[in-house]
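Just so you know, all these numbers are worked out from the coordinates, no wet-lab data involved. Note that this is a predicted model, so its numbers are computed, not measured. When we count neighbours, we look across all protein chains shown, and the Cβ atoms used for this are built from the backbone with ideal geometry, even at glycine.
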C-alpha cells in the first residue's frame, strides 16, 4: 500500500509540472523566426558542434562519487543495526571507513582533488 | 491474473523495450536516456517485489551515479554522437539463431524445475527489517570478511581511477 | 477523533464512508482516496511555492535596504500571482537543433525530483504521505532524479554554454551529495531506522544537540544542493550567461525556478525533520494539527536562516567550492560518523541520556576545534607565498594543444 502511494505520488509529481507546461503552451503566443530560435551564444554564431568534448576531470569526480555512493549504501544497513551492535561490530565499520578515508587522502596527495 | 501481475508484465515489457532501444538507437545520448528508463524499470520491479531497499539502491547507485558517470564518459570521447554506419553485418542471423536456441533451451530446462509450480512462501516479518542485514554484515560468521573486502575493492577502484587520471595528465603536457 | 484533532484523517474517513455508501467497493474507495490525497499534496506543494517567492523577495528586499514587493495587494502579497499569470502567457522559444525529448523532460524532472520528497515527509504524527521503511534512501534517490533533469537540460538544448553549465552543476551536486549522505547516517544510527516517521518519534532529544557538527555539515550541503548563494555558481548571474537553463523560456524556465524555491524549502523541512525533532513538541501527540504547526515553525526558522545566508555571504569560486567539499566536509563528515559511533557506543552501557549528551557534545567540540586549527594552518600556509617576492611572468607563446578542451 505504501509503495502504491509512492508510485502514485511520483506520477503526480511528474504530471503536475507537465500539465502546467502544456497548459501554458496553449495560452502562449507562437511566433518563431530564424533569429529568435537560434542558439543563444551572446550574439555570436555557433562554431562547430555544440556537443563538445570535456576533460577527464569530470569523469574522475564522477568515479570518486560512485565509489563513495556504493560505500554509503553498504553503511546504511550497518547504521540501522547500530543500536544492536557490539563494540566489535562498530570497530569493523570503523575499519571499513578508514580504508576508504585512506583512499580519499591518497587522491588528495596525488592532487586529483584540485579543480583546474 | 491479478492486477499486480498485469502491472508486472507492463513494467517488464517497458524495461525490455528500453533495453533493446539502448543497443539499437543511433544517437548515443538517446541510448543513455533509454538506459536510464531500463534501470528505472528494474527499480520498479524491485518495488513490486516489496524489496524497498533494493529499489531505492537501484535508483541511487545506478541512475544517480552510474548513469551520470556514463554520460560523463561519453562526453570524454571524441565526438561521434551520431552513428551513420550500418547497424547489422551479413552474419547477423547466426547469433540470432544461437540466442533463440539458448532461450528455448533455458525455457525448456527451467519449466521442468519444481520451483515454478510451488507457491512462494510468505516472507517472514523480519525480512523487511534492514537491521538483520546490517547485523549480518558485521557478523564474523556471516559476511564480515566480504564486507571488509568490499572496502578494499572500492579502495582499489579509487586508486585505479587516480592512476588513469594522472597518466592522462602526463600525456596532455 | 474530532475534526480539530486531526482534520486530514477525519475528512479522509468521512469521504470513505460517503464513497462506500454510494456503493463503491471499500478497496476501490481506498485507492480513490489515495490518488486524491497524492494529488492534493502535490498541488499544495506547488502552490506553496507562490507564497515562498513572496516571502523570500520580502526578506531579501529588507536585507538590501529595499521594501520588496509592496504594490499589488496588502504587503505585495499578490505580486507572485501577477508574475505567475505573466509567465503563463509567455512564448516558448525552442532553439534550433534541440533534442526535443530531453529538452522537454528536463523541467518536469527537476520539479518532480524535489516534489517527490514531500511524499515521505511526516508532517504530523498522523499526517504523512507514506511511511516507507527506506525513506532516507528514497530522499537521496529523488535528489538523483533532479540531477538527471539538469543533465538533460544541458545536452538537450544544443548550446555549448548550457552543456558546460550543466556539467559544472552536476559536478557540484554529486560532490555535495557525499557529505550529505554521510551525515544522514547519524540520525539513522541513533534511531535505528530509515523511516522518517520513526526518526522523528525517536527524537526525545533533538539530534542537533547530540550531533551539532554533522547538523551544520548537513545544512551547508543542503544549501549547496539547492544551488543557492554562496554556492550559486550554477547560475551566477553576474559571471556566466545563465548556466544549464539558458535556452529555456516561458514556463519551462519557470519550472526550474519553481524547483529551486521548492527545493530550498524542502531542504529546511528535511533539516527540521532530521535534526530538530520534526513535529515533536508539547501535546503534539494528542493534537496532530499542533505538530504540523511546530514543524512549520521549525522549518521557517531554518528557511529564514538560509535566506539570511543567501543575502549576506559572497559567492565561492568553483575551485574553492570543490575544495570545501572534498578537502573539508567529506573527511570531516566521515570522521564525525566514526567519532559519534565510537563515543556513543562507549557511553551507552552507562544508560544515562545526560552522560551521552555531554560526551557527544564534548566530542563534537573537540573535533570542531581540531578542524578550525587545520583550516587556520592551511590558510597560513597559503598566505605565505603571497608576501614572498614573485618571479616576473613573461609572455611566451605556447604550442596549442590540437584538441581544444573547454573549462
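Among C:27, A:2, B:129, A:69, sorting on how many other beta-carbon atoms sit within 10 Å of each Cβ, with the fewest leading, yields C:27, B:129, A:2, A:69. Please work out the FRET efficiency for the pair residue B:132 and residue C:361, using the Cβ-Cβ distance as r and a Förster radius of 22 Å; give the result to the nearest 0.05. Between residue B:132 and residue C:361 the formula returns 0.10. In this rough spin-label picture, where each label sits 7 Å from Cα along the Cβ direction, the residue B:92-residue B:76 distance is 3.1 nm. Its residue count N sets the reference 2.2 N^0.38 Å, and the alpha-carbon radius of gyration of chain B equals 1.38 times that reference. Dividing the radius of gyration of the alpha carbons in chain A by their Kirkwood radius gives 1.20 for Rg/Rh.
The value given for segment C:41-179 is a Kirkwood hydrodynamic radius of 17.8 Å, derived from the mean inverse Cα-Cα separation.
Taking label points 7 Å from Cα along the Cα-to-Cβ direction, residue B:23 and residue C:3 give a separation of 6.2 nm. Between the helical axis of A:56-80 and the longest alpha-carbon principal axis of chain A there is an angle of about 50 degrees.
The residues C:56, B:50, C:147, when put in order of fewest to most other Cβ atoms within 10 Å, stand as B:50, C:56, C:147. Averaged over the residues of C:318-325, the number of partner chain Cβ atoms lying within 10 Å of the residue Cβ comes to 2. Length gained on full extension, residue C:348 to residue C:204: 50.2 nm, using 0.36 nm per residue less the C-alpha separation. Evaluated at q = 0.23 Å⁻¹, the base-10 log of the normalised Debye intensity for segment B:38-120, with identical point scatterers placed on the Cα atoms, takes the values -0.98. Values of log10 I(q)/I(0) for the protein assembly as shown across q = 0.06, 0.09 Å⁻¹ run -0.38, -0.88, by the Debye formula with one identical scatterer at each alpha carbon and no solvent. Note on segment B:1-84: Cα-Cα pairs beyond 14 Å make up 67% of the total pair count.
Residues C:327, C:252, A:34 in ascending order of nearby Cβ atoms (within 10 Å, fewest first): A:34, C:327, C:252. Counts of other chain beta carbons within 10 angstrom of each beta carbon in peptide C:361-369 average 0. Determine, from the Cβ-Cβ distance of residue C:28 and residue B:14 and an R0 of 35 Å, the FRET efficiency 1/(1 + (r/R0)^6), rounded to the nearest 0.05. Efficiency for this residue pair is about 0.85. Projected over every direction and averaged, the convex hull enclosing the alpha-carbon atoms of chain C yields 27.7 nm².
In chain A, the longest principal axis of the Cα atoms and the axis of helix A:87-109 are about 50 degrees apart. Once C-alpha pairs closer than 8 Å and six or more residues apart are averaged by separation and normalised to the residue number of chain C, the relative contact order reads 19 percent. Suppose R0 equals 22 Å. What FRET efficiency, 1/(1 + (r/R0)^6) with r the Cβ-Cβ distance, do residue C:36 and residue C:81 give to the nearest 0.05? Efficiency computed from Cβ-Cβ geometry: 0.30. Across peptide C:111-119, the average count of Cβ atoms from other chains found within 10 Å of a residue's Cβ is 5. Label segment C:270-362 by shape, choosing from rounded, prolate and oblate, from the square roots a ≥ b ≥ c of the eigenvalues of the Cα gyration tensor; if a/c is under 1.5 it is rounded, and otherwise prolate applies when a/b is larger than b/c, oblate when it is not. Since a/c reaches 1.5 but b/c is at least a/b, the shape of segment C:270-362 is classed as oblate.
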